[in-house]
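Colleague: Quick one: this structure, given as structure tokens, is what I'll be asking you about.
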Amino acid sequence: MPFLAFLRANAPFLLAGFLLSLLSSFGLTYFLSPFGAEIRAEYGLSHGSWATLYAGSTVAGAIAMVWAGPLLDRFRVRTIGVVSLLGLAGASALMAVNPSVVTLPVVIFLLRFLGQGMVVQAAGVAMSRWFVGSRGRALAIAALGFSVGEIVLPLAFTAAKAAVPWRWLFVLAAGLILVSLPVLLRLLRLERTPQQMATGEDSAGLAARHWTRAEALHHGLFWCVLPSLMVPSMFITVIFFHQAHLAEVKGWSHLGLLTVLPFYTLAAVVGMFATGVALDRIGTRPMMPLYLLPLAAFLLLFPHVQSLFWAGPVLALMGLTAGAQATVLMAFWAEIYGTRNLGAIRALTGAIMVFGTAVGPMLAGELIERGVEIDAQMGAMAAVTLVSAGLVAFGLRRFAGGFGRT
């Protein structure tokens, strides 16, 4: 189907996926990290203690995702998505009024579990389940919501901090979520339930069957892919979470660094659509090892960047991996293990990725406290990324018959 015809025919569902992805931004690191300096000052936290608190809350959210994610196999996205967004709005409001460092971990947990956890999973599982032959394009369009959030929200809210107390900006975030809910409900008014779709529209995986989460855990390929789940989540989150420190190390202003982040975001859009079109044609397997390579190149090159002029193009390499990850990984699980139990499987893999976003900033923060700057950490990150890509290639050959479609 031509692209414009595809958009017209599926506009409500594609817009719903886009909106869910966009609204999840209020629980993602690229939105929360620009408030790091204010949060540390308000609650008397060091770089390391703030990173540890953030990591602990994120890990707790990942654990909760393993339990809550299978609900996506039982209930409509309209129900799970709206309930999760209501919770995310409430968590944003709690952040605005939170009085103590004692309750701060609970608030961060809610933001991370509901934003990065449930809302993100609702968008991805919905696109993978609703679309089969055009799954790549659907995932890419929905993931545009992340890109719009990355471009608009950090710049807008960082600029607003100059005129508005930071707590009121979380009130604004809660309000934006709430006013978007009627739109989402209207878009999904004709949504089918997972049970209805299971009667004839499920897409099977390896061996023409639908794997349960327990079966996937006993499959060797899952463990070969595991490091590649965590690596982009860990290292990209490190860059965003410690962006103020990175700017300081480079001798740039924080706002100056934010002005070149659109290079990253635009490259992510390119990565999303390029891989989306490719996976509809050749499947996800050939792209699984390759999508990590731009991230490795970024990690090798960025320590040598001294000016903002070159920072943007190099950040674009990281954006290619981030964009590809948004489409390739979700489609990969559907292609390998089928869609009938995708909510449960994706909850586990999503929790692993969220765990990576927790561990990365914590470890990097501890190293910063010990005098090891971000630049000096990137060489080791690049090596781990390359090893992870090689392990995926090995796993596909050993456990899935190579790089061709099932």
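Taken together, the values in this text are just the output of simple stated rules run on the coordinates, not laboratory data. Predicted, not measured: the structure shown is a model, and the values here were computed from it. Neighbour counts are summed over all protein chains in view; Cβ atoms, including those assigned to glycine, are modelled from backbone coordinates with ideal geometry.
Colleague: Between the alpha-carbon centers of region 330-406 and region 203-230, tell me the distance in whole angstrom.
Modeller: Taking the Cα centre of each part, region 330-406 and region 203-230 sit 14 Å apart.
Colleague: Moving to a separate point now. Return the whole-Å distance between the Cα centroid of region 129-161 and the Cα centroid of region 39-79.
Modeller: Centre-to-centre (Cα) distance: 20 Å.
Colleague: Continuing with the same structure: Can you tell me which of GLY319, GLY256, GLY117 moves the most in a GNM of the chain? Springs connect C-alpha atoms under 10 Å apart.
Modeller: GLY256
Colleague: List the trypsin sites (Lys or Arg not before Pro) within region 20-112 that DSSP assigns to loop and that have no more than 14 neighbouring Cβ atoms inside 10 Å.
Modeller: Working: sites: ARG40, ARG74, ARG76, ARG78, ARG112; in loops: ARG74, ARG76.
When the trypsin sites (Lys or Arg not before Pro) of region 20-112 are filtered for loop state and at most 14 Cβ neighbours within 10 Å, ARG74 remain.
Colleague: Another one. If neighbour count is taken as other Cβ atoms inside 10 Å, put ARG137, ARG397 in order from fewest to most.
Modeller: Working: ARG137 24, ARG397 14.
Listed from fewest to most nearby Cβ atoms, that is ARG397, ARG137.
Colleague: Cα convex hull of region 12-399: mean projected area in nm², to one decimal?
Modeller: Values: hull surface 68.3 nm².
Result: a mean projected hull area of 17.1 nm².
Colleague: I need to check one value: relative contact order of the chain, counting alpha carbon pairs closer than 8 Å and at least 6 residues apart, in percent. Could you put the intermediate results ahead of the total?
Modeller: Numbers: 667 pairs, mean separation 114.2, N = 406.
Across the chain, relative contact order equals 28 percent.
Colleague: Mind checking the dipole of the chain: about its Cα centre, +1 per Lys or Arg Cβ, -1 per Asp or Glu Cβ, Debye to the nearest 20? Working shown, then result.
Modeller: Working: 25 positive and 15 negative charges, 235 e Å.
The dipole of the chain has a size of about 1120 debye.
Colleague: Hey, another quick one. Can you list which of the DSSP-assigned H helices in the chain have a Cα extent of 24 Å or more along the long axis and an average Kyte-Doolittle score of at least -1.0?
Modeller: Flagged H segments are 3-23, 47-68, 77-97, 135-160, 166-187, 220-241, 254-282, 308-337, 342-369, 374-399.
Colleague: Test of understanding: in a Gaussian network model of the chain with alpha carbons linked when under 10 Å, which of ALA207, ALA382, ALA16 would top the mean-square fluctuation ranking?
Modeller: Per the Cα network of the chain with a 10 Å cutoff, ALA207 tops the list.
Colleague: To continue, here is another question. Need the full-extension length gain, LYS161 to ALA207, defined as separation in residues times 0.36 nm minus the C-alpha distance. One decimal, nm.
Modeller: On the way: separation 46, 0.36 × 46 = 16.56 nm, distance 5.42 nm.
Value of the extension gain: 11.1 nm.
Colleague: So what is the 222 nm mean residue ellipticity for the chain from helices alone, if each DSSP H run of at least 4 adds -39500 (n - 2.57) and you divide by all residues, rounding to the nearest 500 deg cm²/dmol? Present the calculation step by step, with values, prior to reporting the outcome.
Modeller: Numbers: 19 runs with 309 residues, N = 406.
Rounded to the nearest 500, the figure is -25500 deg cm²/dmol.
Colleague: Rank the residues THR349, THR158 as a footprinting-exposure proxy: fewest other Cβ atoms within 10 Å of their Cβ go first. List each step's numbers first, then the result.
Modeller: Numbers: THR349 24, THR158 16.
Fewest to most other Cβ atoms nearby, the residues stand as THR158, THR349.
Colleague: Turning to a different aspect of this structure: Going toward the positive end of the dipole of the chain, with +1 on Lys and Arg Cβ and -1 on Asp and Glu Cβ, which of ALA316, VAL392, VAL354 do you reach last?
Modeller: Sorting the options by dipole projection puts first VAL392.
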